[in-house]
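In what follows, a single structure is set out as structure tokens and then discussed.
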Amino acid sequence: MNSGSSIKQPISVMVFGVGSFTQGMLHILKMDGAQVSTYLTRDYAHYSPSLEGKTYHSEVYPNPCKLLQKNNVDFVIPMSIDWLEEEWAEEFLSLGIPIFSPYDEGMKLERERDFARRLCQRIGIPFPRAYVAKNRLEAELIIKSHPRPYVIKNPLCSPTSPIHTVICETTEDTQSWLGNINYAEGVFLQEYMGRREVGHIALVSGGEIYSLVTNQEYKRSYDGNMGIIAGAPMGGIVERDSEDKYGLAKKLLHPLIPWFREVKFHGPVQVTAALRDDKWYVLEYNVRIGVTSGPMILRMFENPLEILWDVVRNQKLNIRFKPAYQFGCSITLAGYGYPYTQITGPHLPITLTQEFDCDVWWNEITANTKGKLYATGHRIADIIALGETLEKTIDVAYKNIKKIKCVNSYFRTDIGNSLWPPGNE
């Protein structure tokens, strides 16, 4: 690794997470020379991280700080923002171990939805009309005073939030939902801006923004963008976009540079935006590299470990892309009952009909003593392909997902047929 660092080799990286997204990050960094391990933050999807390195269960190690010190971990990659709410977060930060994530003020960009709205309003970045209500009565008064369709969100962003995003396309839809949500943390009502969404992912380091990709996530459960919003996207596309060809970074990220520098923000940032009347509006910011996009982006780099190591130390970046990888396509193989996760089934056998010729990261699966794979939950695998053209990349992903057989599993067959290029419905 040519980072100019005096740090020992190999660099030790611990990922906080589970499942396929964690496995993809671990594998790519390991192939680039890192020594990797995982702090398992949830009670499922442990098998795939164990294929890449040592794993440590949070039930056995409720506080990871001693593990980090014992293993001489050089930096941490959290796959969720929830770590900052843990009882051990202050102790963790006191260790001074670099983190591939902002924290303190920088974390508010994703964690507190109304903070992002107010920040955009102060800087002049377009943001949909939005309101915070403490309870159903306040929410209904808002709808009465400002009748329009809203996206219903929890004011505080977290995988365990009492409200999971509900998209309402009419005022009547919104009114119907207000009696069926949990107001424990209040409710964030954001004006519905239509389906013309897209994202842009960048790294912030050394006070500068480095654009990486423009991306599209397919969040609804079924073909034709129908069904409810799944717990994680059912697929995604990334296009290498260091030049910001669609202008998303220029309009929605670069105005934040003074704030990024003020709060010493360094780490990944993703903006999801909607196009209305030829104008991009921020829907939300995330301070993670993206669950579907992260492994694709790292695959596009010639020097992924060097880049992440420099980001966590807030250094200027030397990003080198592999010329052959212009596009990436991710497709999720979902299992029995998904996206209705309260519906569960038995462990179901998985059959592989041919060898893969692209990345396959496993999610909620396990293996018996003979190596036979079984689906243990709702998301089985994520298939990742990269290539020079979008059409060929999508074709490779679909050819490979069809090599996995599991009863009652399914995948979307229309990734790339809508919502792309940016601005399309």
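The values are calculated or read from the model by the stated rules, or taken from the named source; none is laboratory data. Note that the coordinates shown come from a computational prediction; the quantities given were computed from them, not determined experimentally. Neighbour counts run over all protein chains shown; Cβ positions are idealised from the backbone, glycine included.
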Within the bounds of the stretch 384-391, is there any residue that is aliphatic (A, V, I, L, M) and surrounded by fewer than 21 Cβ atoms within 10 Å (Cβ to Cβ)?
yes
Counted residues in the stretch 328-381 being more than 27 Å from Leu298 (Cα to Cα) and among the basic types (Lys, Arg) come to 2
Against the condition in contact with a Gly (Cβ under 6 Å, 6 or more places away or on another chain) and farther than 30 Å from Thr413 by Cβ, how does Pro155 come out, does it pass?
yes
Members of the stretch 63-95 found to be farther than 25 Å from His27 by Cα and free of Cβ contacts under 8 Å to residues at least 24 places away in the same chain, listed by number:
Glu86, Ala89, Glu90, Leu93, Ser94
For Ser48, the lone unmet condition from (1) modelled with pLDDT under 95; (2) among the polar types (S, T, N, Q); (3) in contact with a Phe, Trp or Tyr (Cβ under 8 Å, 6 or more places away or on another chain) is (1)
Scanning the stretch 410-419 for residues that are small (Gly, Ala, Ser) and buried (at least 20 other Cβ atoms within 10 Å of the Cβ) gives Gly416
Tally of residues being touching a residue at least 60 places away in the same chain (Cβ under 8 Å) and either in a loop (DSSP other than H, G, I, E, B) or hydrophobic (A, V, I, L, M, F, W, C) (or both) across the stretch 210-244:
13
Looking at the stretch 134-149, which of its residues are surrounded by 14 or more Cβ atoms within 10 Å (Cβ to Cβ) and within 12 Å of Thr171 (Cα to Cα)?
Glu140, Ile142, Ile143, Arg148, Pro149
Among the residues of the stretch 404-425, are any in a strand (DSSP E or B) and more than 17 Å from Tyr218 (Cα to Cα)?
yes
Helices (runs of 4 or more DSSP H) wholly inside the stretch 93-209 that include at least 2 residues being within 19 Å of the chain's Cα centre (by Cα) and not assigned by TED's automatic domain parsing to the domain that holds Pro255:
108-111, 113-123
Residue that is in a helix (DSSP H, G or I), at pLDDT 95 or above and over 17 Å from the mean Cα position of the chain (by Cα), where the choices are Ala397, Ala385
Ala397
Is the stretch 296-313 home to any residue that is touching a Ser or Thr at 6+ places or on another chain (Cβ under 9 Å), outside any strand (DSSP E or B), at pLDDT 95 or above and under 27 Å from Arg412 (Cα atoms)?
yes
With the structure loaded, tell me whether Thr344 is loosely packed, with under 14 Cβ neighbours inside 10 Å and among the hydroxyl-bearing types (Ser, Thr, Tyr) or whether it fails that test.
yes
Lys264 fails exactly one of (1) under 30 Å from Arg412 (Cβ atoms); (2) part of a loop (DSSP other than H, G, I, E, B), namely (1)
